[in-house]
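Peer 1: After the structure tokens below, expect a handful of questions from me.
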Amino acid sequence: MRRFGLIIFVAILAVIPLIPGLSVFWITLLDNIGLAALVAMGLVLLTGVGGLTSFGQAAFCGFGAYTSAVLTTRFGFDPWATLPAALAVTGLAAVVLGLVTVRLSGHFLPLGTIAWGISLYYLFGKIELLGRHDGVSGVPPLSIFGWSLIEPQAVYYVIWGFVVLAAIATTNLLDSRTGRAIRALRGGRVAAEAFGIEPARVKLLVFVYAALLAGLSGWLYAHVQRAVNPTPFGVNAGIEYLFMAVVGGAGQVWGALVGASLVILLKDALQRVVPFLFGTSAQYETIVFGVLLVAILQFAREGLWPRIVALFPEPPPPAVDRDAAPLAARAKAATQPLLAVAEARKTFGGLVAVNDVSFQVKRGEIVALIGPNGAGKSTTFNLITGVLDITAGDVTFAGQPIGGQRPQTIAGLGIARSFQHVKLLPDMSVLDNVALGAHLRGKAGFIQGLLRLDRAEEKRLIAEAARQIARVGLAEHMHKPAGSLALGQQRIVEIARALCLDPDLLLLDEPAAGLRHLEKAALSELLRHLRSQGVSVLLVEHDMGFVMNLTDHIVVLDFGTKIAEGPPAAIKQNPAVLAAYLGAPE
Ligand code: ADP
Ligand code: MG
């Protein structure tokens, strides 16, 4: 179905310039759309998927364009020979800027991109070698076998060839292990790191990839325009590219094409129509353009592409190959105890959230951590999983000290978790959300994803995710967006995701909250089954009935301090526990 759509699209693209009577004007417009679509596609990945807003993308076009302009005019290079250099310069600039920029968060990130967008614009205009504000002219056109691609019709095929290739590569990338990691960025650092993803690395990767697409567009631009100056690489252009990505449908590769077409056609139409209607005393078209874009975003908040897709019958959900070879299981050490928390302490300023707490989880046990709200249970989880730095004390897992280690390292050792406040990607399918849990069990990298050389492994990752979803009883919801499930079910999805890591120890923060009676019974059954298979569980839970019937051992916290521990029967009658829970001894 998807392939069929692509073939039709390519066929249409191929015949457009052959339409009799189609003027050069329209072909030129299409060329410009293709050039812009390349940049917007990078932004779709960076901003739409990864959640990193960049206003400075046009500057990367500048790197590509100037590199080629200078090399061809001053040093006599062949245009094609400058492509690797243009990409290398753009990539290098992106690594340097990316290392600084992607560390910024919240509104500092877009502000950072505006700052370097402006600086680069002025820099391009100041450098003697780049011809200052006049730029570089006399850039040779591309040519193929001596045939100069000087006509818009001729270069059209080169531009759109690159657009189609970029769209295919980007789609591949999104549909891969790395693509899931990129998508996970929007769900926040904590959840991504809990499954072994390195957010800083992934952010830099998308940043460079988006920049390379812009650099490619710039390189093409230099040889289409045959001249380069700073104007098209400023922040104004950067804003326009961002508009294209957002209006088209940020997060959708083909949305970039829709956005680029819409913005360029609209601007062109307005430039012709508005002065005719309102006169030329002011640039009214800019105002009308802004108003129209806002109106479009009001009509389609997610951008236009999802609206277009909705007009067609829903494509079948991605196939899951149930016969795919299972992923290799983790070697499980027999160390006892599996987890030892010794005198763990965590302070937030003057507040002692966890006060020298010690307890153990033995292999094959289900242990509950209970206590009133604010007792320090979630904080204890965060100390074990490395989300928070431990103030004092030790945590040992399978004989290894893990206190103060990074969450990714701890995940790699076999500790998987769920969160009290569900951390799933609501727009992503349950299947993809769960597959994220298997991230550390795959190897395929960026390039394999891009070139689709990861299919064998990807099938196994997806099959594993499907198995874990079936195991927790949510098979029928596999292809739905995670956000469409009830909150209780979303917690169960988080358990499936954690199971995908093939953990030795499962940390569940209030897994039964929001579940109905039968669902709680099913969860109990699942946890017992996991225990019988050697998985140990540490859980936080408020439902006493649930905890008492299920667990082997209970640790009770109150105001950060352990007030009791023991088997459920003993805890039930412990006066200190009763006092903490009921306010007074019964
Ligand atoms: P529980 O999960 O048992 O309900 P928490 O571990 O979430 O409790 O919180 C324990 C205490 O630590 C609470 O008083 C809470 O307000 C405080 N706390 C938790 N996280 C932070 C934080 N990041 N900064 C400051 N205080 C925190
Ligand atoms: Mg909590």
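The values are calculated or read from the model by the stated rules, or taken from the named source; none is laboratory data. In this text the structure is predicted, and so the values were computed from the model without any measurement. As a convention, Cβ positions derive from the backbone with ideal geometry for all residues, glycine included, and neighbour counts pool all protein chains shown.
Peer 1: With respect to Val540, is the statement that it is buried (at least 20 other Cβ atoms within 10 Å of the Cβ) and more than 34 Å from the chain's Cα centre (by Cα) true?
Peer 2: Against the criterion (buried (at least 20 other Cβ atoms within 10 Å of the Cβ) and more than 34 Å from the chain's Cα centre (by Cα)), Val540 does not qualify.
Peer 1: Among Ala69, Ala59, which is more than 27 Å from Pro199 (Cα to Cα) and assigned to a helix (DSSP H, G or I)? Talk me through it step by step, then tell me what you get.
Peer 2: On the way: Ala59 fails: more than 27 Å from Pro199 (Cα to Cα).
When all the criteria are applied, what remains is Ala69.
Peer 1: Name the one entry in Ala411, Ala416, Ala444, Ala435 that is of a type outside the set (Asp, Glu), part of a helix (DSSP H, G or I) and out of contact with any Phe, Trp or Tyr (no Cβ under 7 Å at 6 or more places or on another chain). Can you show your working first?
Peer 2: Values: Ala411 fails: out of contact with any Phe, Trp or Tyr (no Cβ under 7 Å at 6 or more places or on another chain); Ala416 fails: part of a helix (DSSP H, G or I); Ala444 fails: part of a helix (DSSP H, G or I).
Selected residue: Ala435, the only one of Ala411, Ala416, Ala444, Ala435 that is of a type outside the set (Asp, Glu), part of a helix (DSSP H, G or I) and out of contact with any Phe, Trp or Tyr (no Cβ under 7 Å at 6 or more places or on another chain).
Peer 1: Do we find that Ala584 is more than 16 Å from ligand 2 (Cβ to nearest atom), part of a helix (DSSP H, G or I) and either modelled with pLDDT under 90 or within 38 Å of the chain's Cα centre (by Cα) (or both) in this structure? Spell out the reasoning first.
Peer 2: Working: more than 16 Å from ligand 2 (Cβ to nearest atom): yes; part of a helix (DSSP H, G or I): no; either modelled with pLDDT under 90 or within 38 Å of the chain's Cα centre (by Cα) (or both): yes.
For Ala584, the condition - more than 16 Å from ligand 2 (Cβ to nearest atom), part of a helix (DSSP H, G or I) and either modelled with pLDDT under 90 or within 38 Å of the chain's Cα centre (by Cα) (or both) - is not met.
Peer 1: Across the stretch 384-399, which residue is farthest from ligand 2 (Cβ to nearest atom) among those that are surrounded by 19 or more Cβ atoms within 10 Å (Cβ to Cβ) and on the phi > 0 side of the Ramachandran plot?
Peer 2: Ala398
Peer 1: Sticking with this structure for a sec: Looking only at the stretch 278-300, count how many residues are assigned to a loop (DSSP other than H, G, I, E, B) and over 25 Å from the mean Cα position of the chain (by Cα). Spell out how you get there, then give the answer.
Peer 2: Filtering the stretch 278-300 down to residues assigned to a loop (DSSP other than H, G, I, E, B) leaves 279-283, 300.
Subset that is over 25 Å from the mean Cα position of the chain (by Cα): 279-283.
The number of residues fulfilling the criteria is 5.
Peer 1: Can you tell me which residues in the stretch 102-139 are more than 28 Å from the chain's Cα centre (by Cα) and buried (at least 19 other Cβ atoms within 10 Å of the Cβ)?
Peer 2: Tyr121, Phe124, Leu130, Gly131, Gly135, Val136, Val139 - these are the residues of the stretch 102-139 that are more than 28 Å from the chain's Cα centre (by Cα) and buried (at least 19 other Cβ atoms within 10 Å of the Cβ).
Residues are listed down the side, and each one gets a yes or a no for (1) aliphatic (A, V, I, L, M); (2) within 16 Å of ligand 1 (Cβ to nearest atom); (3) out of contact with any strand residue (DSSP E or B) (no Cβ under 7 Å at 6 or more places or on another chain):
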| site | (1), (2), (3) |
| --- | --- |
| Asp427 | no, no, no |
| Ala435 | yes, no, yes |
| Ala438 | yes, no, yes |
| Arg441 | no, no, yes |
| Asp454 | no, no, yes |
| Glu464 | no, no, yes |
| His479 | no, no, no |
| Ser484 | no, no, yes |
| Gln489 | no, no, yes |
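Peer 1: Determine whether the stretch 339-356 contains at least one residue that is at pLDDT below 95, away from ligand 1 (no atom under 16 Å from the Cβ) and among the acidic types (Asp, Glu).
Peer 2: Scanning the stretch 339-356 turns up no residue that is at pLDDT below 95, away from ligand 1 (no atom under 16 Å from the Cβ) and among the acidic types (Asp, Glu).
Peer 1: A follow-up question, please. Determine which single condition Gly534 fails, assuming it passes every other condition in (1) within 16 Å of ligand 2 (Cβ to nearest atom); (2) in contact with a Lys or Arg (Cβ under 9 Å, 6 or more places away or on another chain); (3) not acidic (Asp, Glu).
Peer 2: (1)
Peer 1: Quick check: is even one residue across the stretch 187-197 modelled with pLDDT of 95 or more, touching a His at 6+ places or on another chain (Cβ under 8 Å) and not in a loop (DSSP other than H, G, I, E, B)?
Peer 2: The answer is no, given that none of the residues of the stretch 187-197 is modelled with pLDDT of 95 or more, touching a His at 6+ places or on another chain (Cβ under 8 Å) and not in a loop (DSSP other than H, G, I, E, B).
Peer 1: I would also like to ask the following. Does Phe381 satisfy the criteria of being surrounded by 21 or more Cβ atoms within 10 Å (Cβ to Cβ), more than 16 Å from ligand 2 (Cβ to nearest atom) and at pLDDT 95 or above? Step through it out loud before you land on a result.
Peer 2: On the way: surrounded by 21 or more Cβ atoms within 10 Å (Cβ to Cβ): yes; more than 16 Å from ligand 2 (Cβ to nearest atom): no; at pLDDT 95 or above: yes.
No; evaluated as a whole, the condition is false for this residue.
Peer 1: Let me ask something else about it. Given the criterion among the small types (Gly, Ala, Ser), in a helix (DSSP H, G or I) and touching a strand residue (DSSP E or B) at 6+ places or on another chain (Cβ under 8 Å), identify the matching residue among Ala154, Ala169, Ala181.
Peer 2: On the way: Ala169 fails: touching a strand residue (DSSP E or B) at 6+ places or on another chain (Cβ under 8 Å); Ala181 fails: touching a strand residue (DSSP E or B) at 6+ places or on another chain (Cβ under 8 Å).
Going through Ala154, Ala169, Ala181 in turn, just one is among the small types (Gly, Ala, Ser), in a helix (DSSP H, G or I) and touching a strand residue (DSSP E or B) at 6+ places or on another chain (Cβ under 8 Å): Ala154.
Peer 1: What pairs come out if I take residues in the stretch 247-269 that are on the phi > 0 side of the Ramachandran plot and pair them with residues that are surrounded by fewer than 21 Cβ atoms within 10 Å (Cβ to Cβ) and in a loop (DSSP other than H, G, I, E, B) whose C-beta lies under 9 Å away, six or more apart or interchain?
Peer 2: From the stretch 247-269, the pairs are Gly249/Ala300; Gly249/Glu302; Gly251/Glu302; Gly251/Asp427.
Peer 1: Here is a follow-up. What is the one condition in (1) within 23 Å of Ile495 (Cα to Cα); (2) touching a Ser or Thr at 6+ places or on another chain (Cβ under 8 Å); (3) within 16 Å of ligand 1 (Cβ to nearest atom) that Ile410 does not satisfy?
Peer 2: Every condition holds for Ile410 apart from (3).
Peer 1: Follow-up question, since we're still on this one. Return yes or no: is Asp509 surrounded by fewer than 19 Cβ atoms within 10 Å (Cβ to Cβ), touching a residue at least 24 places away in the same chain (Cβ under 8 Å) and either within 16 Å of ligand 1 (Cβ to nearest atom) or closer than 24 Å to Pro337 by Cα (or both)?
Peer 2: Values: surrounded by fewer than 19 Cβ atoms within 10 Å (Cβ to Cβ): no; touching a residue at least 24 places away in the same chain (Cβ under 8 Å): yes; either within 16 Å of ligand 1 (Cβ to nearest atom) or closer than 24 Å to Pro337 by Cα (or both): yes.
It is false that Asp509 is surrounded by fewer than 19 Cβ atoms within 10 Å (Cβ to Cβ), touching a residue at least 24 places away in the same chain (Cβ under 8 Å) and either within 16 Å of ligand 1 (Cβ to nearest atom) or closer than 24 Å to Pro337 by Cα (or both).
Here's the yes/no breakdown for (1) in contact with a Leu (Cβ under 7 Å, 6 or more places away or on another chain); (2) away from ligand 1 (no atom under 15 Å from the Cβ):
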position	(1), (2)
Pro503	no, yes
Leu526	no, yes
Gln533	no, yes
Ile554	no, no
Leu557	yes, no
Lys562	no, no
Lys572	no, yes
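Peer 1: Six or more apart or on different chains, Cβ atoms under 6 Å: show the pairs whose first residue is in the stretch 488-500 and under 11 Å from Phe419 (Cβ atoms) and whose second is of a type in the set (Val, Ile, Thr) and crowded, with 24+ Cβ neighbours inside 10 Å.
Peer 2: Close Cβ pairs (under 6 Å, with a partner that is of a type in the set (Val, Ile, Thr) and crowded, with 24+ Cβ neighbours inside 10 Å) amount to Arg497/Val434.
Peer 1: Taking the stretch 358-401 as the search range and keeping residues that are within 11 Å of ligand 1 (Cβ to nearest atom) and over 33 Å from the mean Cα position of the chain (by Cα), which one is nearest to Leu506 (Cα to Cα)?
Peer 2: Ile370
Peer 1: Of the conditions (1) within 16 Å of ligand 2 (Cβ to nearest atom); (2) β-branched (Val, Ile, Thr); (3) within 21 Å of Thr335 (Cα to Cα), Val556 satisfies every one except a single condition; which number is it?
Peer 2: Every condition holds for Val556 apart from (3).
Peer 1: Scanning for something surrounded by fewer than 14 Cβ atoms within 10 Å (Cβ to Cβ) and in a loop (DSSP other than H, G, I, E, B), does the stretch 82-94 turn up at least one residue?
Peer 2: No, there is no match, as no residue in the stretch 82-94 is surrounded by fewer than 14 Cβ atoms within 10 Å (Cβ to Cβ) and in a loop (DSSP other than H, G, I, E, B).
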